[in-house]
Amino acid sequence: MLYIDMDYFFAACEEVRHQELKGKPLVVGSSPESEKLKGVVQTCNYEARAFGVHSAMRTSEAYKLNPNMAYVQADWNYYEEISKRIMTLLSGYKARMEADSIDEAVLEFEVGSYEEALAIGKEIKGIVRDKTGLPCTIGISSGKVFAKMVCDSAKPDGLKAVGQDGIKEFLKDRSVGKIPGVGRKTEEKLAAIGIKTIGDLSQADPMVLIDLLGSFGKELFILANGTDTSSIVDNANVVSIGRERTLDSNAHSMREVESLIKMLTKEVIGEVRRNNFVFKSIGVKARYSDFTDRLKSRSLNNYSDSEELVLKTATSLLSDLVKEKPVRKIGVRVSSLASRGGQKSLF
Ligand code: TTP
Ligand code: MG
Ligand code: MG
């Protein structure tokens, strides 16, 4: 599998249309003067990262690290437009494909060797850069989770493959927090029983892991031992479109999840529109700090592709769930899909 993630995506998009900002530290997010220092950094270029600035940090914190950075307000429509162009380029390949977020996609190729996959990766990087001016990083491995981790490890502007023979070595010394889906809370639980690296995880007693984390513990054990069974959902055959994200720290109130709901909604709607879908049901998910999940959904009277409606509905559904227990992950999903324009219903 070939995992593509755009480098410093929003900030890179801004550099494309504001060439004068290139090479200087740039933050996408509300400037520290506005909103009484309450904004957050959505992303920043690598020049800003050199000062320790990163996504989800308060802009007031970023300002302390370097008072001389440029700030640009996020312009979702523009990023969606570019994302759509990238996804269209990628869908030109004869591969099963899943768009994973606004700046990520996984492609599953039938290839004979990793050399062949690397050659395709190189070509994709070239095409994306030619057509959009943007850098990306590509990771290649046997499954989606490994490919994403390889991608993360090769940033920025990287291309790297780790085959089955190298995967355990690749994983061994990495901290468990590098596994997608493992947040701070899981990390703490594992650390409490002496597990810090993925190597430690691979040698743990699987029953102990299951006691500690439920079925997720089993999944982690299997991954740590070099087997990635994650499969991709070919977007051509979707029955629902959803996005989930783990929070940096557990949320206790709606205020802490508002911007994330907005972002997940944008991503879901982007995906809906890219595929020319409409939907008739809106759902949310909350994963609590104790690893239990709660789902809630609402059916609509008519098909829709309204972002406002998803945002409003998801916010209202989640506000019930957030009240109950601390939340570590949230998701927004639309289902009962049909293709737009009154053509035959796909499902
Ligand atoms: P990422 O792919 O996580 O980050 P990135 O592309 O900015 O940087 P990297 O080179 O490390 O991949 O996220 C993609 C975009 O999503 C990012 O450009 C802005 C947005 N985003 C937020 O708005 N808030 C966040 O907390 C994160 C992580 C991302
Ligand atoms: Mg990215
Ligand atoms: Mg990304």
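How big is D, in µm² s⁻¹, for segment 263-327 by Stokes-Einstein at 10 °C and 1.306 mPa s if Rh is the Kirkwood radius over C-alpha pairs?
Once the numbers are plugged in, D ends up at 126 µm²/s.
Obtain the nm distance between the two label points defined at Lys178 and Thr292 by a simple spin-label model: each point lies 7 Å from its Cα along the Cα-to-C-beta direction. About 3.5 nm separates the two model spin labels. Judged by the ratio a/c of the largest to the smallest principal axis of the C-alpha gyration tensor, segment 215-307 counts as oblate, that ratio being 1.5 or greater while a/b is no larger than b/c. Here the Karplus curve 6.51 cos²θ - 1.76 cosθ + 1.60, taken at θ = phi - 60°, turns the phi angles of segment 128-141 into couplings of 4, 5, 4, 7, 10, x, 10, x, 9, 10, 10, x, 10, 7 Hz, with x standing for Gly and Pro. Listed values for segment 219-229 are Karplus-derived 3J(HN,Hα) couplings in whole Hz (6.51 cos²θ - 1.76 cosθ + 1.60, θ = phi - 60°), namely 4, 5, 4, 5, 4, 4, 8, x, 10, 10, 9, and x replaces Gly and Pro. Note that the chain, at 37 °C in a medium of 0.692 mPa s, gets a Stokes-Einstein diffusion coefficient of 153 µm²/s from its Kirkwood radius over C-alpha pairs. One decimal place: the segment Ser230-Asp320 gains 29.3 nm when fully extended, by the rule 0.36 nm per residue minus the C-alpha distance.
Site pair Ala119 and Ser153 shows an inter-label distance of 2.5 nm when each label is modelled 7 Å from Cα along Cα→Cβ. Residue exposure proxy: Arg255, Arg17, ordered by other Cβ atoms within 10 angstrom of their Cβ from fewest to most, comes out as Arg255, Arg17. When the Cα gyration tensor is reduced to axis lengths a ≥ b ≥ c, the ratio a/c is 1.5 or higher for segment 258-301, and with a/b not above b/c it is classed as oblate.
Ordering Met254, Met1 by the number of other Cβ atoms within 10 Å of each residue's own Cβ, fewest first, gives Met254, Met1. Each Lys and Arg contributes +1 and each Asp and Glu -1, all at the Cβ; summed about the Cα centre of segment 1-131, the dipole is approximately 400 debye.
Work from the charge dipole of the chain (Cβ charges, +1 for Lys and Arg, -1 for Asp and Glu, about the Cα centre) and give the residue of Phe109, Ala11, Gly29 farthest towards its positive end. Value computed over the given set: Gly29.
If you take every residue apart from Val128 with its C-beta less than 12 Å away from the C-beta of Val128, what net charge results, scoring Lys and Arg +1 and Asp and Glu -1? So the environment of Val128 carries a net charge of -1. Its alpha carbons give segment 75-231 an Rg and a Dmax of 17.2, 50 Å.
No lab work stands behind these numbers, since they all come straight from the coordinates. This one's a predicted model, so the numbers in the text were calculated from it and none came from an experiment. Quick reminder, even Gly has a Cβ in these numbers, built from the backbone with ideal geometry, and neighbours come from all protein chains shown.
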